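A.B. asks: Got a structure for you, questions after.
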Amino acid sequence: MNISAKTKICMVIGDPIEHSLSPQMHNAGYQALGIDEKFVYVACEVRVNNLADFIKGVRAMGIRGISCTIPHKVEIIKFLDEIDETAQIIGAVNTVVNEEGRLKGYNTDWLGAVIPIEESISLKNKKVALIGAGGVARAIAYGVVKKNALLTIFNRSIKNAKTLAREFGGKAFTSNELGRIKDMDIIFNATPVGMHPDEDKSPIPKELITKRHIVFDVIYKPYETKLLREAKEQGAQVIHGVEMLFHQGIAQFKLYTGNEAPKEVMKSILLEHL
Ligand code: NAP
């Protein structure tokens, strides 16, 4: 680390936040590019009822970039000067850039959903099953529809599935109708099912997964969920949640620093800490 009076601060905010791997990932990138005198990245636990004061602090101190995680992605919008069009459509901001006192909000989560898939196949005309209809599902729905895939949403609450389908285009079903995924190409899990403390659960019965599927679980802790383990056993291609975390962070790195991120260094730091 090479911190001086010229160093600009970037940070991730959330509540809780101490589990975040973003500081390790971004600082490793700054060091690899030799820009660690210009930028440093920290984490800050910010309670929802302190968000307004936090933003005043950002403006007063000239904080350069803010990555937002739960529970701030929607709430932060009302404090910003400008929201980019994609973040407006998704309805959530995970990235804020301070351009000489003007705070502009972006969403890079959708890139984290589409880039790992498009590294091996095009999403165009692919049938995508999206399980879940919460915050992460919104970014995934935006991304896959933008890439001209055909979206089907399955969710515990049909009301939330229908709302998402209406907004982004696609069909909506309850999770009881998961039998339909047999004919689909790509399956996203965007629910917390399989995450600590429910590591022994999977959102999809194993027998519904076949080798024609690409299965993308957004959960990154544990690194390999029960869903991904069973998908591999069924011969499916799997994509780990860390890929989403990585690619949304790579896009943030460019927005904060103006530099292309050193991907290999940042990926290996993430994997080392998982
Ligand atoms: P959210 O807004 O709370 O949405 C949760 C979704 O999961 C809802 O559709 C909810 O259904 C469903 N759900 C919750 N518990 C369920 C259960 N026991 N059985 C079936 N469905 C259930 O959460 P989120 O912010 O979208 O986060 C979802 C997951 O993404 C979390 O595991 C989080 O850790 C992960 N995540 C990953 C990344 C990454 O970079 N890889 C980034 C952010 C979040 P209802 O509509 O019926 O309530």
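A.B. asks: Mind checking which residues of the stretch 34-51 are surrounded by fewer than 18 Cβ atoms within 10 Å (Cβ to Cβ) and either under 24 Å from the mean Cα position of the chain (by Cα) or of a type in the set (Phe, Trp, Tyr) (or both)?
C.D. replies: Scanning the stretch 34-51 gives Val42, Cys44, Glu45, Arg47, Val48, Asn49, Asn50.
A.B. asks: Would you check which residues across the stretch 160-179 are out of contact with any Leu (no Cβ under 9 Å at 6 or more places or on another chain), farther than 23 Å from Ala87 by Cα and either surrounded by fewer than 19 Cβ atoms within 10 Å (Cβ to Cβ) or at pLDDT below 95 (or both) and list them?
C.D. replies: Across the stretch 160-179, the qualifying residues are Thr174, Ser175, Asn176, Glu177.
A.B. asks: Which condition number does Lys6 fail, the rest of (1) more than 24 Å from Glu99 (Cβ to Cβ); (2) open to solvent by 70 Å² or more (accessible area, probe 1.4 Å) being met?
C.D. replies: All conditions are met except number (1).
A.B. asks: Can you tell me which of (1) in a helix (DSSP H, G or I); (2) open to solvent by 70 Å² or more (accessible area, probe 1.4 Å) is the one His247 doesn't meet?
C.D. replies: Unmet for His247, out of (1) in a helix (DSSP H, G or I); (2) open to solvent by 70 Å² or more (accessible area, probe 1.4 Å): (2).
A.B. asks: Identify the single condition in (1) under 18 Å from Ile117 (Cβ atoms); (2) part of a helix (DSSP H, G or I) that Phe216 does not satisfy, given that it satisfies every other one.
C.D. replies: (2)
A.B. asks: Are any residues in the stretch 173-193 assigned to a strand (DSSP E or B), closer than 18 Å to Ala149 by Cβ and within 11 Å of the ligand (Cβ to nearest atom), and if so, which ones? Spell out how you get there, then give the answer.
C.D. replies: Just the residues of the stretch 173-193 that are assigned to a strand (DSSP E or B), to begin with: 173-174, 186-189, 193.
Then drop every residue that is not closer than 18 Å to Ala149 by Cβ, which leaves 173, 186-189.
The answer is Phe188, Asn189.
A.B. asks: Just name the residue that is nearest to Ile121 (Cα to Cα) out of those in the stretch 194-247 that are within 15 Å of the ligand (Cβ to nearest atom) and free of Cβ contacts under 8 Å to residues at least 12 places away in the same chain.
C.D. replies: Only one residue tops the list, namely Asp198.
A.B. asks: Let me ask something else. Which residues, counting only those in the stretch 251-274, are under 19 Å from Tyr220 (Cα atoms) and not β-branched (Val, Ile, Thr)? Give the derivation first.
C.D. replies: Of the stretch 251-274, the ones under 19 Å from Tyr220 (Cα atoms) are 251-252, 263-274.
The answer is Ala251, Gln252, Lys263, Glu264, Met266, Lys267, Ser268, Leu270, Leu271, Glu272, His273, Leu274.
A.B. asks: Examine the stretch 199-212 for a residue that is among the polar types (S, T, N, Q) and touching a Leu at 6+ places or on another chain (Cβ under 6 Å), and state whether such a residue exists.
C.D. replies: Step one: of the stretch 199-212, the residues among the polar types (S, T, N, Q) are 202, 210.
If we keep only those that are touching a Leu at 6+ places or on another chain (Cβ under 6 Å) too, we end up with 202.
Yes, the conditions are met somewhere in the stretch 199-212.
The values are calculated or read from the model by the stated rules, or taken from the named source; none is laboratory data. Here the structure is a predicted model, which is why all the values come from computation and not from measurement. In this analysis, Cβ positions are derived from the backbone assuming ideal geometry, glycine residues included, and neighbour counts consider all displayed protein chains. Calculation scope for accessible area: heavy atoms of the full protein, side chains included, ligands and nucleic acids excluded. Shrake-Rupley method; radii C 1.70, N 1.55, O 1.52, S 1.80 Å.
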